[in-house]
There are 4 protein chains.
Amino acid sequence: MTPRYSETNRRQARKEVRQRLIEAAIQEFAQNGYDGANVNTISVAAGFAKGTIYNYFPSKKELMFAILGESGSAHFDFIAEQIREEDDPILRVKCFFEAGFAFVEEDPARGQVLVSTLYGTHSEFKERLYQVYQPMFQLVAEEILAPGIVQGVFRQMDPADTSVMIMTFYLGTASSVDTSGKPWLSPGKVADFVLNAIRSNQ
Amino acid sequence: MTPRYSETNRRQARKEVRQRLIEAAIQEFAQNGYDGANVNTISVAAGFAKGTIYNYFPSKKELMFAILGESGSAHFDFIAEQIREEDDPILRVKCFFEAGFAFVEEDPARGQVLVSTLYGTHSEFKERLYQVYQPMFQLVAEEILAPGIVQGVFRQMDPADTSVMIMTFYLGTASSVDTSGKPWLSPGKVADFVLNAIRSNQ
Amino acid sequence: MTPRYSETNRRQARKEVRQRLIEAAIQEFAQNGYDGANVNTISVAAGFAKGTIYNYFPSKKELMFAILGESGSAHFDFIAEQIREEDDPILRVKCFFEAGFAFVEEDPARGQVLVSTLYGTHSEFKERLYQVYQPMFQLVAEEILAPGIVQGVFRQMDPADTSVMIMTFYLGTASSVDTSGKPWLSPGKVADFVLNAIRSNQ
Amino acid sequence: MTPRYSETNRRQARKEVRQRLIEAAIQEFAQNGYDGANVNTISVAAGFAKGTIYNYFPSKKELMFAILGESGSAHFDFIAEQIREEDDPILRVKCFFEAGFAFVEEDPARGQVLVSTLYGTHSEFKERLYQVYQPMFQLVAEEILAPGIVQGVFRQMDPADTSVMIMTFYLGTASSVDTSGKPWLSPGKVADFVLNAIRSNQ
DNA sequence: CATGAATGAGTATTCATTCAT
DNA sequence: AATGAATGAATACTCATTCAT
């Protein structure tokens, strides 16, 4: 009967709180893994009381799903945008690794959550992750590899298989960090390795 | 005084029990991850009562350490033995992936435990794993890459870095299985990709 | 100064909202019991937001008290009105069970709340219920049994004790329903049983 | 490999602990109802630590089921044994109420749990209770009412319906206690009421 | 050595209630 | 008066570990 403070403000506030919770959750999951993570800690770390998180996510599992979804599309958007600024397939490969490494470096926790989920034991999460990363696999296959093959700068290959290998390689290398958090390998080196593998040798 | 024989028998029996426990533990860890694994379940699956496992391992953590040590050397021995039967660096690369994939296929649980630990969040385990895998990195660098570079069949490169990339690639691809447990990629395809990346182009 | 009309309207509106809340609460309590009931759900089921109910009842407990009071007098009024239309004590007994069963059948949720409270564990509620049902016990004792004894159609007995037995019997039988919600026993059968028990045998 | 302390002792000990837990649980459920009961409190009241109860019952719900089963058969055995010592149907009715009231008086908590379950809102428990009380309904119908009808001391009636009424009456009256815990009605009065209702009037 | 009962710290989740708007 | 976000106490249940037998 009585309206309260503007519907839009309310929505906006909810979104922000939700985002804060997701970010706190990513830190916690990155540090302790899904099973080791403490939901109450997440809520408190985000600046709320224990129970608040349940006003936003019905369960720990759904919270994780939300993170996977959000991360997948953020990851894709970040990389796709930069790749599409290049035309040359070779530059796109370089750009792919540079953008990819940058993404992980900017938010290492997110990267950690993604790989540990990918190689972890919770099949529901893995399956969701594959769904969510489908666009990225396609991006590599269709907007990097296929054009390069057509143009003759890449050797003949199955773009789908190769896309899987490149993604595997990317995820493995970008998230391999030493104890200080620095990645062991530079995007340049990794890109060179991959380019050597796929370039046609004229 | 106990006669010598019974002493030896006892030692032998202990070893066998220990091994059975380790194998049961690998299954459990593979299925549920370290945090999700249940120590009692492991003991029972090995054919003992709940408490027995604590006569062999002082804690869940030490049990995990034991598995990592055992798996690392088993993995290394299995691969090293086969590689050393070849002389040609290129064949050694192919052999490396074939042996590696075979190892994982023969004992997928062990493979799962290794990758999930490698990309997991328990830094103590990760560190131990790096230690344990040191010989494997060296094997690739010194017994595959270095000779190939010297012989001119591989391009100039830093064997250490490249070894890391190859291992990353191997672990990622060998343990990427679809829901039926079949790996997505064949060792041949992966080996070819890597060979293209490292061969010198005369 | 507020004009008189709007004041009355406001009172009226409050009453209606209160009633809607009570009815929603009866459904919820009937379905889930007092402990299992969810206050927010009640408010929402009544068509309001979660918090609204607290503008009408200071606590879950007070809400329950309100229900008990309201139900008790509704129950009494419903039955008393019909009984008093009969003069003959025997007909009054029959009428009592018919009216009683009808009341429960018309609003089974209310019936359920009453019995589950009566036989439940919350002594505060039980005590309130006894208070509230005092008039009903008196009705049976003084307006059904006592006249019948005086007229000689009922045997000599303690009207108070017998009233307790009859009420117990009524509540137990009227609220025993099978899974489809149909009562197991008809008011006729139950009334006959009771009449046999109290009739004088000339 | 090594046996431990005699299997039979073990079994015996487990049984005793289980029984202690059940008894503590009955007290707790009687006092607070199923929803209000605290599982940890039960375990502690039985003289164990919080977790112990879960070594005996997989969940609160299963604990409740165990209580219902145990109580149903204890109740039946207690009453059946005494009834069968009488031959006369009329004495059996008296005996039924005396034994029934005695059962409840000896262990009022058990009685409270039974009625509050019977009139409560947990349909799973109610259904189990009906199952468990089936033998008691039969006892009344077949070993009290039917013989009396045949012998002509009870009037013609449907033994099944009447059995339901008698049980309803019994449960309602036996468990109606005032605040001091004394029942409002004596078994004698209740039995007389019932006998009047069912006796044939020669 | 093997056993399995007991332990109790730890955790996800629920929900009555408050209160700023 | 109505709203719904925030709160935090409360609780069922898990499981690594201990230890008497």
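Table for the structure above
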{"quantity": "3J(HN,Hα) from dihedral phi, segment D:149-164, Karplus parametrisation 6.51/-1.76/1.60, rounded to Hz, x for glycine, proline", "calculated": "5, 4, 6, x, 7, 10, 5, 5, 6, 7, x, 5, 4, 5, 4, 4"}
{"quantity": "Per-residue [θ]222 nm for chain B (sum of -39500 (n - 2.57) over DSSP H runs n ≥ 4, rounded to 500)", "calculated": "-23500 deg cm²/dmol"}
{"quantity": "Nearest-0.05 FRET efficiency for C:Gln151 and D:Gln151, computed from C-beta distance (R0 35 Å)", "calculated": "0.55"}
{"quantity": "Under 17 Å between alpha carbons - lysine pairs in chain B that sit 8 or more apart or on different chains", "calculated": "5"}
{"quantity": "Cβ-based exposure ranking for D:Thr8, B:Thr162, in which fewest neighbours within 10 Å come first", "calculated": "D:Thr8, B:Thr162"}
{"quantity": "Likely footprinting exposure, D:Leu195, D:Leu21, C:Leu139, B:Leu91, fewest C-beta neighbours within 10 Å first", "calculated": "B:Leu91, D:Leu195, C:Leu139, D:Leu21"}
{"quantity": "Angle in degrees between helix D:60-83 and the longest Cα principal axis of chain D, rounded to the nearest 10", "calculated": "40 degrees"}
{"quantity": "Nitroxide proxy distance, nm - points 7 Å out along Cα→Cβ at A:Arg11 and D:Asp88", "calculated": "8.4 nm"}
{"quantity": "Length-normalised contact order of chain D in % [C-alpha pairs under 8 Å, at least 6 apart]", "calculated": "19 percent"}
{"quantity": "Paramagnetic reach from A:Asn32 in segment A:63-91 [backbone N under 15 Å; point 7 Å along Cα→Cβ]", "calculated": "A:64"}
{"quantity": "D:Ala102 versus D:Ser123: modelled label distance in nm, points set 7 Å from Cα along the beta carbon direction", "calculated": "3.9 nm"}
{"quantity": "Contact order relative to length of segment B:1-57, as percent, for alpha carbon pairs under 8 angstrom and 6 or more apart", "calculated": "26 percent"}
{"quantity": "Segments B:79-85, B:31-37 sorted - mean Cβ within 10 Å per residue, highest first", "calculated": "B:31-37, B:79-85"}
{"quantity": "Shortest-first nm distances, C:Ala146 label point to equivalent points in other copies (7 Å, Cα→Cβ)", "calculated": "4.6, 9.5, 11.3"}
{"quantity": "Relative contact order %, segment C:114-202, counting alpha carbon pairs below 8 Å whose residues are six or more apart", "calculated": "25 percent"}
{"quantity": "5 angstrom amide H check on D:Phe154, placed H, neighbours 5+ away", "calculated": "D:Ile149, D:Ser200"}
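No value in this document is a laboratory result; all are computed from the given coordinates. Note that the structure is predicted; figures quoted are calculated from it, not measured. Cβ sites come from the backbone with ideal geometry, for glycine too, and all protein chains shown count toward neighbours.
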